[in-house]
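Below you'll find the structure, written out as C-alpha cells, and then a few comments.
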Amino acid sequence: VASTAGAQATQPPAKKDDHAAMHAEHMKNMQHGKAEAWKELDAYHMLMMATWHPAKDKNDIAPARAKMGEMVVAAKAVAASKAPASCQKPELLKAQAGLVGETEKVAAMVKKADDPALKAALKTLHDKFEVLEEGCNTGMKH
C-alpha cells in the first residue's frame, strides 16, 4: 500500500465552470499578494456567480429571483467603496457607479418578468459587471 503521507500534491487549476474552486484560488492569491483586494466587488461577484451561472447553465432562474435584493445591496456597497488603484480608470469608475442602476433594473423585473426575459436581463447585467471585474484585474476570473 503506497503511503500518501507527505504526498499533498498541489491542486490543478480550477476548471472554467468550477466557481467555488476559482473563488478558493482567488482567495489564496489574495493572501499571497498576487491581486489587489476589493472585498465589495468580490462579494457582488459571489452573488453574480450564484445567480447568473444557474440561469446560464441550467435555465434555473430561481436563485436570481431569490437573491436580487442582496445583489442590489451588494451593488450599493461596490458603488460606495473605494476602488483599488488598478481600477482608478474612467471607464471602470463609470462601470462601478452604474452597477447599482443596472442591478436595480433586473431586481425590478423579478416579480413581473417571465424566466426568459429575466435571464436576458441578468445576462446583460453580467456582461456589464464583467467590464468592471476584468478591467480591475482582481484575480477572480470566470
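Numbers at a glance
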| read-out | value |
| --- | --- |
| Subset of the range 126-137 [in contact (Cβ under 8 Å) with a residue 60 or more places away in the chain and of a type outside the set (D, E, K, R)] | 126, 129, 132, 136, 137 |
| For residue 100: the one exception among (1) more than 13 Å from the chain's Cα centre (by Cα); (2) open to solvent by less than 30 Å² (accessible area, probe 1.4 Å); (3) of a type outside the set (S, T, N, Q); (4) modelled with pLDDT under 95 | (4) |
| Unique residue being more than 21 Å from residue 109 (Cβ to Cβ), part of a helix (DSSP H, G or I) and at pLDDT 95 or above when the list is 77, 66, 50 | 77 |
| Among the candidates 67, 76, 82, residue that is open to solvent by 70 Å² or more (accessible area, probe 1.4 Å) and in contact with a helix residue (DSSP H, G or I) (Cβ under 6 Å, 6 or more places away or on another chain) | 76 |
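Residues checked against (1) charged (D, E, K, R); (2) touching a Phe, Trp or Tyr at 6+ places or on another chain (Cβ under 9 Å):
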| site | (1), (2) |
| --- | --- |
| 91 | yes, no |
| 103 | no, yes |
| 106 | no, no |
| 111 | yes, no |
| 120 | no, no |
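The values are calculated or read from the model by the stated rules, or taken from the named source; none is laboratory data. For clarity, every value in this text was computed on a predicted model and none was experimentally measured. No Cβ is skipped: glycine too gets one built from the backbone with ideal geometry, and neighbour counts run over all protein chains shown. Note: accessible area is taken over every heavy atom of the protein model, side chains too, but ligands, DNA and RNA are not part of it. Shrake-Rupley method; radii C 1.70, N 1.55, O 1.52, S 1.80 Å.
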